[in-house]
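Enquirer: This is the structure, below, for whatever I ask next.
The values are calculated or read from the model by the stated rules, or taken from the named source; none is laboratory data. The structure presented is a predicted model; accordingly, all values stated were derived computationally and were not measured. Backbone-built Cβ (ideal geometry, glycine too); neighbour counts: all protein chains shown. The protein model used for the area step is the full one, side chains on, heavy atoms only, and it has no ligands, DNA or RNA in it. Shrake-Rupley method; radii C 1.70, N 1.55, O 1.52, S 1.80 Å.
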2 protein chains.
Amino acid sequence: MPKLGMEPIRRQTLVAATIAEIGAAGSLEVTMSQIARRAGVSSALAHHYFGSKDKLFLAAMRTVLTDFGTEAREALAGQTDPQARLRAIVQTCFAPASFRPGVVAAWLNFYVHALNSDATLRLLRLYRRRLHSNLVHDLRPLVGAQAEEIAETTGALIDGLYIRQALKSDGPLADAAVRHVMAYLDLAIAAGSRA
Amino acid sequence: MPKLGMEPIRRQTLVAATIAEIGAAGSLEVTMSQIARRAGVSSALAHHYFGSKDKLFLAAMRTVLTDFGTEAREALAGQTDPQARLRAIVQTCFAPASFRPGVVAAWLNFYVHALNSDATLRLLRLYRRRLHSNLVHDLRPLVGAQAEEIAETTGALIDGLYIRQALKSDGPLADAAVRHVMAYLDLAIAAGSRA
DNA sequence: TGTTTTATTGATTGACGAGTCAATTAAGAA
DNA sequence: TTCTTAATTGACTCGTCAATCAATAAAACA
């Protein structure tokens, strides 16, 4: 019983189902059928709209990154004080929307998948560049030339906390993660402004 | 033409081939045949000695971790000054033997695989506990109660630098990685001893 | 010498899964 | 009403791959 204008709805549903399924499985080894079943459609339809599993995965990753970007932009809106902005960036990284077990697991799997897929790698680099330049932008007034180095370390630290979160059995430790990163930033900024 | 006492040799060869193949593929989606071919034997032999693909993967991971542990022990032998020991630990993490693209890729894939395999997860936790307690042991005399927290952050930072290394296109940036971690440790120790 | 044990493989099985396709349904256009 | 077009699926094809097995070859042993 075809209702018209289904395409965008189906795409969204399928992408959401993909993320959920990957998150639940903890692996990219999920079948189109599983994903389609979770989305409540046939596997043929998933192929119809996305063409291939790879393209569906790519769309899913794009969504994860876009969601994150949106959230970051909102958190930064209006903030002008560099320290406050830095805190907002870090908090966004560990905000519930992105820092749920399922999403983290999916994220991690995409991260590894970038070893094999140029398109995925490009997407990932894009996100990383954005985070990096945000950090540098707000670090510069505080520590000058050291901004690059500190941003680099901060980025790596955030990635590390993510990967650890994925393997944590107990609940989300977002607060602890934010504390770790902010503690590092405070140290680095104090040392940087003293110099 | 069976020569006796082949078992340990075949096991070693197959494990090495597994790591190499996973590293080259950047994924756990490698077939037993590929691995066996690289090892110069039939896939049936791989099954004969390891029973299943999962068990072979597990053995490979065990080897990666064991190699790392050995190297760490050697680097620490004789060192008594806490600062020097900390540096030795960090350097080991990024030493050529463990920090080659292939090995890092394999490591990363095992890391993610721990989401699905309890046995893998246990192995990983073991390694992590060891690194953590090594760090704490040498941080304690320098910063007292803050040792736990700093060790935690250091561990996450190392993981983050690993995951980033895996996706770096250019050559190994071991020196830069060591610098990042040591810079953080110097900051944290200075602040900790001041307190 | 014949028998057992270890090493080894080619061929086969059985399952599973991506992608294709022809067929069906209904909404809108002519 | 008739035609076109979007939505949707069940059934099918074609590969691939883990795992098994029966067979072979050569040590060691009796």
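Enquirer: Cβ-Cβ under 9 Å, sequence separation 6+ or interchain: first residue in segment A:183-195 and on the phi > 0 side of the Ramachandran plot, partner part of a loop (DSSP other than H, G, I, E, B) and open to solvent by less than 50 Å² (accessible area, probe 1.4 Å). Which pairs?
Expert: Note: no pairs meet the criteria.
Enquirer: Now, a different point. Failed condition for B:A114, given (1) over 21 Å from B:L185 (Cα atoms); (2) in contact with a Lys or Arg (Cβ under 6 Å, 6 or more places away or on another chain), with all others met?
Expert: (2)
Enquirer: A further question on this structure: Could you tell me whether any residue of segment B:150-169 is surrounded by fewer than 15 Cβ atoms within 10 Å (Cβ to Cβ), in a helix (DSSP H, G or I) and more than 10 Å from chain A (Cβ to nearest Cβ)?
Expert: From segment B:150-169, those surrounded by fewer than 15 Cβ atoms within 10 Å (Cβ to Cβ) are B:168-169; that's our starting set.
Applying the additional criterion that residues be in a helix (DSSP H, G or I) yields none.
No; the residues of segment B:150-169 include none that is surrounded by fewer than 15 Cβ atoms within 10 Å (Cβ to Cβ), in a helix (DSSP H, G or I) and more than 10 Å from chain A (Cβ to nearest Cβ).
Enquirer: Only one of B:S27, B:S42 is within 14 Å of another protein chain (Cβ to nearest Cβ) and either over 22 Å from B:L167 (Cβ atoms) or within 16 Å of DNA strand C (Cβ to nearest atom) (or both). Can you tell me which?
Expert: B:S27
Enquirer: Here's something else I'd like to know. So B:T18 passes all but one of these: (1) surrounded by 17 or more Cβ atoms within 10 Å (Cβ to Cβ); (2) in contact with a Gly (Cβ under 9 Å, 6 or more places away or on another chain). Which condition number does it fail?
Expert: (2)
Enquirer: Take the residues of segment A:27-62 that are of a type outside the set (A, V, I, L, M) and within 30 Å of A:Q91 (Cβ to Cβ): which is farthest from DNA strand D (Cβ to nearest atom)?
Expert: Among residues in segment A:27-62 that are of a type outside the set (A, V, I, L, M) and within 30 Å of A:Q91 (Cβ to Cβ), the one farthest from DNA strand D (Cβ to nearest atom) is A:R62.
Enquirer: I've got another one for you. Which of the residues that make up segment B:173-195 are open to solvent by less than 60 Å² (accessible area, probe 1.4 Å), facing another protein chain (nearest Cβ under 10 Å) and farther than 19 Å from B:L142 by Cα?
Expert: Across segment B:173-195, the qualifying residues are B:A176, B:A177, B:H180.
Enquirer: Follow-up question, since we're still on this one. Out of everything in segment A:123-132 that is in contact (Cβ under 8 Å) with a residue 12 or more places away in the chain and more than 9 Å from chain B (Cβ to nearest Cβ), what residue ends up being surrounded by the fewest Cβ atoms within 10 Å (Cβ to Cβ)? So that I can check it myself, show each step before the final result.
Expert: Let us first name the residues in segment A:123-132 that are in contact (Cβ under 8 Å) with a residue 12 or more places away in the chain, namely A:123-124, A:126-128, A:130-132.
Checking the rest, the ones that are also more than 9 Å from chain B (Cβ to nearest Cβ) come to A:123, A:126-127, A:130-132.
On the way: A:L123: 19, A:L126: 13, A:Y127: 17, A:R130: 15, A:L131: 21, A:H132: 15.
Checking each candidate, the answer is A:L126.
Enquirer: Considering only segment A:29-56, how many residues are touching a helix residue (DSSP H, G or I) at 6+ places or on another chain (Cβ under 7 Å), under 21 Å from A:L124 (Cβ atoms) and not in a loop (DSSP other than H, G, I, E, B)?
Expert: Selection size over segment A:29-56: 3.
Enquirer: Scanning for something within 14 Å of chain A (Cβ to nearest Cβ) and either hydrophobic (A, V, I, L, M, F, W, C) or away from DNA strand D (no atom under 16 Å from the Cβ) (or both), does segment B:63-81 turn up at least one residue?
Expert: Within segment B:63-81 (the criterion being within 14 Å of chain A (Cβ to nearest Cβ) and either hydrophobic (A, V, I, L, M, F, W, C) or away from DNA strand D (no atom under 16 Å from the Cβ) (or both)), the answer is no, since none of the residues qualifies.
Enquirer: While we're looking at this one, here's another question. Which one of these does B:D138 not meet: (1) assigned to a helix (DSSP H, G or I); (2) within 13 Å of chain A (Cβ to nearest Cβ)?
Expert: (2)
Enquirer: For segment A:1-25, which positions are within 6 Å of DNA strand D (Cβ to nearest atom) and outside any helix (DSSP H, G or I)? Explain how you work it out, then say what you get.
Expert: Initial filter on segment A:1-25 (within 6 Å of DNA strand D (Cβ to nearest atom)): A:2, A:4-7, A:10.
Across segment A:1-25, the qualifying residues are A:P2, A:L4, A:G5, A:M6.
Enquirer: Residue check, A:A95 against (1) outside any helix (DSSP H, G or I); (2) within 11 Å of chain B (Cβ to nearest Cβ), all met but one. Which one?
Expert: The one condition A:A95 does not meet is (2).
Enquirer: I'm trying to understand the selection: among the residues of segment B:24-57, which are open to solvent by less than 30 Å² (accessible area, probe 1.4 Å) and free of Cβ contacts under 8 Å to residues at least 24 places away in the same chain?
Expert: Passing the criteria: B:V30, B:I35, B:A36.
Enquirer: I would also like to ask the following. Looking only at segment A:100-122, which residues are more than 21 Å from B:E21 (Cα to Cα) and either acidic (D, E) or open to solvent by 10 Å² or more (accessible area, probe 1.4 Å) (or both)?
Expert: Answer for segment A:100-122, where residues must be more than 21 Å from B:E21 (Cα to Cα) and either acidic (D, E) or open to solvent by 10 Å² or more (accessible area, probe 1.4 Å) (or both): A:R100, A:P101, A:G102, A:V103, A:W107, A:A119, A:R122.
Enquirer: For segment A:65-99, enumerate the residues that are surrounded by fewer than 17 Cβ atoms within 10 Å (Cβ to Cβ), among the basic types (K, R) and within 16 Å of A:I158 (Cβ to Cβ).
Expert: Residues satisfying the conditions do not exist here.
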